[in-house]
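J.: Right, I'll just put the structure down here and ask away after.
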Amino acid sequence: MNEKLLRIDFAKLCALLLPVKLRQNRIIEVLSVLVKPFEKLLNILSEYRRDVLQRLKYNGQKCRLEYCLNYIFGDRKEIHNLKYKRRILVLDSERPESPPYIIYRRGVEIVYDKPKRRGTYGQVILNKRGVNSREWPAFIVEPYEIADIKNFQDELVAVTNYYKTQGKAWELQFRNDKN
């Protein structure tokens, strides 16, 4: 729906709805005072509608989540500037690679001092237990360093948990742009 449809001048509408004989200044002024609560109510509903339409733009996608965090906590004028230094970033998490365990078929007199080529028959490659047992975050939220970290952090965590996809783990890592 077009935003212009919700811009209603109630005082003018009341004057136009009056019969021509009753369109006197005093009557129009009294009616314009009487419709002030309706103007206020329309403004509240219009603001709520804008807020809901804005929140519908957010979802668990990385780019939409980053847009959400920058819209709520960042500078709205710089929301489309990707090189803005104080931008809140949502980064993919990279799992650390560790050398795998290699299990060979038992041979009587064969000694394996180094791994065979990957895909060679007779070996199974497993990751270390610590790699398989730890839950790695799916993404990292990286805001800039600010003075009031505690309040900002609580709000940031709440908004991120609300809009992220369920079951995704994430980490909060502050960066310092004072360099």
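J.: Are any of the residues in segment 63-74 open to solvent by 80 Å² or more (accessible area, probe 1.4 Å) and not basic (Lys, Arg)?
T.: Within segment 63-74, one or more residues are open to solvent by 80 Å² or more (accessible area, probe 1.4 Å) and not basic (Lys, Arg).
J.: Of all residues in segment 38-57, count the ones that are over 19 Å from Phe10 (Cα atoms), surrounded by fewer than 11 Cβ atoms within 10 Å (Cβ to Cβ) and of a type in the set (A, V, I, L, M, F, W, C).
T.: 2
J.: Working carefully through the options Glu29, Glu109, find the one that is at pLDDT 90 or above, over 24 Å from Tyr163 (Cβ atoms), acidic (Asp, Glu) and open to solvent by 80 Å² or more (accessible area, probe 1.4 Å).
T.: Going through Glu29, Glu109 in turn, the sole match is Glu29.
J.: So, one more: Output the residues belonging to segment 75-88 that are surrounded by 12 or more Cβ atoms within 10 Å (Cβ to Cβ) and either closer than 21 Å to Ala138 by Cβ or not acidic (Asp, Glu) (or both).
T.: Ile79, Tyr84, Arg86, Arg87, Ile88
J.: Every residue in segment 56-80 that is among the polar types (S, T, N, Q) and at pLDDT below 85, please.
T.: Scanning segment 56-80 gives Asn59, Gln61.
The values are calculated or read from the model by the stated rules, or taken from the named source; none is laboratory data. Computed from a predicted structure; not experimentally measured. Neighbour counts run over all protein chains shown; Cβ positions are idealised from the backbone, glycine included. Remember, those area values only see protein heavy atoms, side chains included, never the ligands or the DNA or RNA. Shrake-Rupley method; radii C 1.70, N 1.55, O 1.52, S 1.80 Å.
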